[in-house]
Amino acid sequence: MQPLGSINTTASANDERFDGMVRLICAHFAVPACVLVAGEGRTRRIWASAGLSDTQRRQIADAREAGPLAEIQHLRILVVWPLLACQGGQLGCLYLLDETHRLLDASQEQALQEFAWLALDLLEREAKDARQRHELAALRESERRMALAIAGSGTGIWDRNVSSGEIHYSSSWKALLGYADHEIGNRIEESYTRVHPSELDYVRATIQAHLERRTEAYEVEHRLLCRDGQYKWVCSRGKVVERDSDGQPLRMIGTTTDITAIRRLSDQVQQTVELMTDLTNEIPGMVFQFLRPLQGEPAFTYVSAGAQAICGLSATQLMQDAQVLTTVVHPDDQDAFLDTFTRCAEQLTPWHHEFRVQVPGRDVVWCEVEACPRRQGDGSVLWHGFMTDVTERKQIEAELQAFATTDFLTQLANRRHFMRQLEIELARLQRSSGQSAAILMFDLDYFKTINDRWGHNVGDQALRHFATILGAQLRKSDTAGRLGGEEFAVVLSETDQQQATHFATRIQSELARTPILHAGEQIFLAVSVGISSLTANDSNVEAALSRSDIALYCAKRGGRNRIEYH
């Protein structure tokens with residue numbers, strides 16, 4: 001997402017994080033749009049969510065030079081949250097927009113406050129980085145003037161007589177620390193007094209290791225005390241160039257280079273890395289960066305600490321071996337997981353996929369991954385994305401699906417779902433000529449007598465008992481449902497009349513063999529069955545179901561506990 005204000009301002013290293021924050025805010029508050037405004041006038045920058053139309057984005061861009069944003073086309077501004085700096089002054093403003101007006105509750109206001117603190121922290125860090133860049137520029141200018149003063153040399157040379165303890169420094173070496181030629185002595189003992197106390201033992205031990213030939217060369221980074229009382233970071237390198245006949249060192253020559261600016265930049269990079277790590281580790285789920293090079297193995301180049309909670313693997317494990325993630329994907333989901341990722345890489349389209357993670361000793365977890373690929377200059381593909389735990393949502397979806405399709409008492413399909421499955425079976429038959437299926441209608445005999453004599457609780461027990469027996473005889477391709485009261489139906493795929501009759505006979509036999517028990521009394525159940533065939537010639541499922549119903553009526557009229565075919 002390109003920040004709208006970038007036309008007038010220098011691109012920020014934080015733009016991607018601001019974009020990610022805008023997306024997170026939209027998702028958290030379930031609003032179609034969020035806008036983050038920073039700065040004023042020509043330095044004003046605006047980050048807006050991707051959900052805005054071109055017209056709305058132009059309206060925001062046109063407001064770049066204006067004051068606070070007014071109402072945006074078709075969207076109302078729900079909240080205007082100023083971003084106030086700790087030392088005073090306003091660094092920016094956060095806007096939430098929705099199609100209708102509504103109020104945020106206390107928890108949402110708290111969440112918005114936390115997002116605002118995060119945005120403010122990034123803006124303040126940007127301001128601090130700008131100041132540091134200014135200071136670094138000033139330092140470089142100072143170093144340039146110093147370099148001119150010492151004939152353009154930024155490196156000093158030293159020459160040490162190891163046996164006598166004398167050490168001679170070039171003029172540029174002395175100037176490096178701000179000294180004139182006559183202000184530096186030539187004794188090694190004096191040189192050690194300029195080394196920072198916390199690094200003195202390290203420097204002396206490193207020199208000694210080289211003098212004793214335990215290292216090929218001497219190289220250390222440490223601080224030296226300058227004439228103005230400040231410490232400067234230097235890199236000292238040297239080597240013994242002369243030894244006596246016994247191998248004892250006689251002469252050592254080396255250089256000292258000012259690396260203060262490099263150390264400062266290194267510290268800034270480390271601070272940036274720590275900031276990014278802290279931010280991503282606070283986001284629920286796993287934030288990652290994944291690289292697929294043209295040659296070599298794909299690898300995670302960054303993984304947040306949330307990986308452990310999501311997939312049972314540490315960030316270190318994933319960055320060491322990207323393939324280990326596939327091993328914890330549920331076996332039934334692995335093919336789809338790899339296929340969708342491959343299509344994403346080939347088409348460079350966003351990767352959105354839901355899959356299960358199966359870690360030994362833990363419950364199965366449903367995960368959702370969202371990632372965007374981007375082609376790099378060298379032809380490799382880089383993904384930025386995140387993975388979240390959606391187990392709770394999937395459980396709710398499954399419960400809602402079961403509620404909508406299942407009969408509560410018997411746990412078989414309800415009438416609506418059964419009819420839908422019957423339509424699917426008819427569609428399959430119409431695609432594959434020469435095949436047929438069987439529809440069986442079941443009606444518990446004398447069910448009203450059971451209810452009248454033993455009560456509805458026993459009647460419900462009888463229905464559940466029959467449903468259990470029926471379900472135990474089904475194949476995976478079959479569907480059973482309760483159509484209402486004591487009436488049930490089954491559709492048997494790729495089944496002829498004889499096979500359907502055998503199925504019905506097994507149900508009757510099992511009912512006769514396993515009565516239900518109530519108050520020490522055995523209650524035997526019987527069932528009448530009507531069978532018909534479902535073929536590609538049927539124009540609709542109601543016709544075939546009606547034939548089964550007629551057959552069932554004949555079975556009831558013929559004495560019950562019978563099987564009839566129509």
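The values are calculated or read from the model by the stated rules, or taken from the named source; none is laboratory data. Just so we're clear, the structure is a prediction, and the values are computed from it rather than from any experiment. Cβ coordinates were reconstructed from backbone atoms using ideal geometry, including for glycine residues, and neighbour counts include every protein chain displayed. Quick note on the areas: whole protein, heavy atoms, side chains included, nothing else; ligands and nucleic acids left out. Shrake-Rupley method; radii C 1.70, N 1.55, O 1.52, S 1.80 Å.
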Practice problem: May I ask you to give the percent of accessible area on the chain that is carbon plus sulfur, with a probe radius of 1.4 Å? | Solution: 51 percent
Quiz item: Expressed in nm to one decimal, what extension gain is obtained for the pair GLU216 and MET319 from 0.36 nm per residue of sequence separation less their Cα-Cα distance?
Solution: 33.7 nm
Exercise. Step through the residues of the range 250-255 one at a time and calculate ³J(HN,Hα) from phi using the Karplus curve (6.51 cos²θ - 1.76 cosθ + 1.60, θ = phi - 60°), rounding each to whole Hz and writing x for Gly and Pro.
Key: 10, 9, 9, 10, x, 10
Quiz item: Quick one: if you stick a label point 7 Å off each Cα along the C-beta vector at GLN271 and ASN537, how many nm between them?
Solution: 8.5 nm
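Answer rounded, prolate or oblate for the chain, using the Cα gyration tensor with square roots of eigenvalues a ≥ b ≥ c: rounded when a/c is under 1.5, else prolate when a/b is larger than b/c, else oblate.
On the way: a/c = 3.78, a/b = 2.44, b/c = 1.55.
The shape class here is prolate.
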Quiz item: For LEU348 and CYS226, what does the FRET efficiency come to when R0 = 60 Å and r is the distance between their Cβ atoms, rounded to the nearest 0.05?
Solution: 0.65
Practice problem: Using only Cα atoms, tell me the angle between helix 15-29 and the longest principal axis of the chain; keep it within 0 to 90° and round to the nearest 10. | Solution: 30 degrees
Quiz prompt | FRET efficiency, 1/(1 + (r/R0)^6) with R0 30 Å, evaluated for GLN473 and ASP363 via beta carbons | solution = 0.45
Exercise. Could you tell me which of HIS28, ALA480, THR468 has its Cα farthest along the dipole of the chain towards the positive end, charges placed at Cβ (Lys, Arg +1; Asp, Glu -1), taken about the Cα centre?
Key: ALA480
Self-check item: Normalised contact order of the range 489-566, rounded percent, pairs of Cα under 8 Å and 6 or more residues apart
Solution: 29 percent
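So for the chain, averaging the separation of alpha carbon pairs under 8 Å that are six or more residues apart and normalising by length, what relative contact order in percent results?
On the way: 919 pairs, mean separation 36.8, N = 566.
Contact order relative to length: 7 percent.
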Quiz item: According to a simple spin-label model (label point 7 Å from Cα along Cα-to-Cβ), what is the distance in nm between GLN498 and LEU517?
Solution: 4.0 nm
Quiz prompt | Pairwise centroid distance, computed over Cα atoms, of the range 478-524 with the range 389-442, Å | solution = 19 Å
Quiz item: Number of Lys-Lys pairs in the chain under 30 Å by Cα, sequence gap 8 or more or different chains?
Solution: 6
Exercise. Using the charge dipole of the chain (Lys, Arg: +1 at Cβ; Asp, Glu: -1 at Cβ; taken about the Cα centre), state which of CYS367, PHE288, THR342 has its Cα farthest towards the positive end.
Key: THR342
Self-check item: For the range 108-250, average projected area of the Cα convex hull in nm²
Solution: 12.9 nm²
Quiz prompt | Contact order normalised by residue count of the range 213-361, Cα under 8 Å, 6+ apart, percent | solution = 11 percent
Self-check item: the range 161-216: GluC sites (Glu not before Pro) falling in loop per DSSP and having at most 16 other Cβ within 10 Å
Solution: GLU212, GLU216
Practice problem: Can you tell me how much longer the chain between GLU487 and GLU397 gets when fully stretched, taken as 0.36 nm per residue apart minus their C-alpha distance, in nm with one decimal? | Solution: 29.5 nm
Quiz prompt | Net dipole in debye of the range 409-566 [+1 Lys, Arg Cβ; -1 Asp, Glu Cβ; about Cα centre; nearest 20] | solution = 120 debye
Exercise. Obtain the nm distance between the two label points defined at SER163 and ALA526 by a simple spin-label model: each point lies 7 Å from its Cα along the Cα-to-C-beta direction.
Key: 12.4 nm
Quiz item: To the nearest 10 degrees, how steeply does helix 200-211 sit against the main Cα axis of the chain, on a 0 to 90 scale?
Solution: 80 degrees
Exercise. Work out how much length ASP54 to ARG131 would gain on full extension: take 0.36 nm times their residue separation and subtract the Cα-Cα distance, in nm to one decimal.
Key: 24.2 nm
Exercise. Assign one of three labels to the range 293-337, namely rounded, prolate or oblate, based on the Cα gyration tensor with a ≥ b ≥ c the square roots of its eigenvalues; rounded applies when a/c is under 1.5, prolate when it is not and a/b is larger than b/c, and oblate otherwise.
Key: oblate
Quiz prompt | Per residue solvent-accessible surface (Å²) - the chain, probe of 1.4 Å | solution = 54 Å²
